[in-house]
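Read through the structure below, which is laid out as structure tokens, and then see the notes.
The values are calculated or read from the model by the stated rules, or taken from the named source; none is laboratory data. Not measured: the values here are computed from a predicted model. Neighbour counts run over all protein chains shown; Cβ positions are idealised from the backbone, glycine included. For accessibility, only protein heavy atoms count, side chains too; no ligands or nucleic acids. Shrake-Rupley method; radii C 1.70, N 1.55, O 1.52, S 1.80 Å.
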Amino acid sequence: MADRGCGHLNAINSVKQPEVRECVECVKIGAHWVHLRTCQQCGVTLCCDSSPNQHASKHAHASGHPVIASAQPGERWLYCYPDDAFTEY
Ligand SMILES: [Zn+2]
Ligand SMILES: [Zn+2]
Ligand SMILES: [Zn+2]
């Protein structure tokens, strides 16, 4: 397998796709979001850093889950927070 830039990304064999096209945390509080990201550890879909609440980032830091995938249709990339590593798949 090609080196994707860090061990977390290299460990991903199949990319988790979003089960829902909404940020589950924003829905709870009635907030809006810009783009969606799916945690590759637990599969939760949350909003990106361009969104007011940045739930994906908060989740990564609070839970220690390192890697997210874009949940935007047509986007195929992964990002690792602790290593600031990005790869397309
Ligand atoms: Zn990493
Ligand atoms: Zn959110
Ligand atoms: Zn997670």
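Annotations
- Accessible area of the chain divided out per residue, in Å², using a probe of 1.4 angstrom: 57 Å²
- GNM remark for the chain: springs join alpha carbons under 10 Å apart, and the peak mean-square fluctuation among HIS32, HIS55, HIS65 falls on HIS32.
- A simple rule links phi to the HN-Hα coupling: the Karplus curve 6.51 cos²θ - 1.76 cosθ + 1.60 with θ = phi - 60°, which for the range 29-44 gives 9, x, 8, 10, 9, 9, 10, 10, 10, 10, 5, 8, 8, 10, x, 6 Hz, with x for Gly and Pro.
- One chain, two ends: ALA31 and ALA11. Fully extended at 0.36 nm per residue, the span grows by 3.9 nm beyond their Cα-Cα distance.
- Among the cysteines of the chain, those with no neighbouring cysteine Cβ under 4.7 Å are CYS6, CYS39, CYS42, CYS48, CYS80.
- Loop exposure criterion: trypsin sites (Lys or Arg not before Pro), DSSP state outside H, G, I, E and B, at most 15 other Cβ atoms within 10 Å. Applied to the chain, the longest stretch between such sites is 22-75.
- With all projection directions averaged, the alpha carbon convex hull of the chain covers 5.4 nm².
- Cα-based shape type of the range 39-86, given that a ≥ b ≥ c are square roots of the gyration tensor eigenvalues and the cut on a/c is 1.5: rounded
- HN-Hα J in Hz across the range 63-70 - Karplus 6.51, -1.76, 1.60, θ = phi - 60°, x for Gly and Pro: 9, x, 6, x, 10, 10, 10, 4
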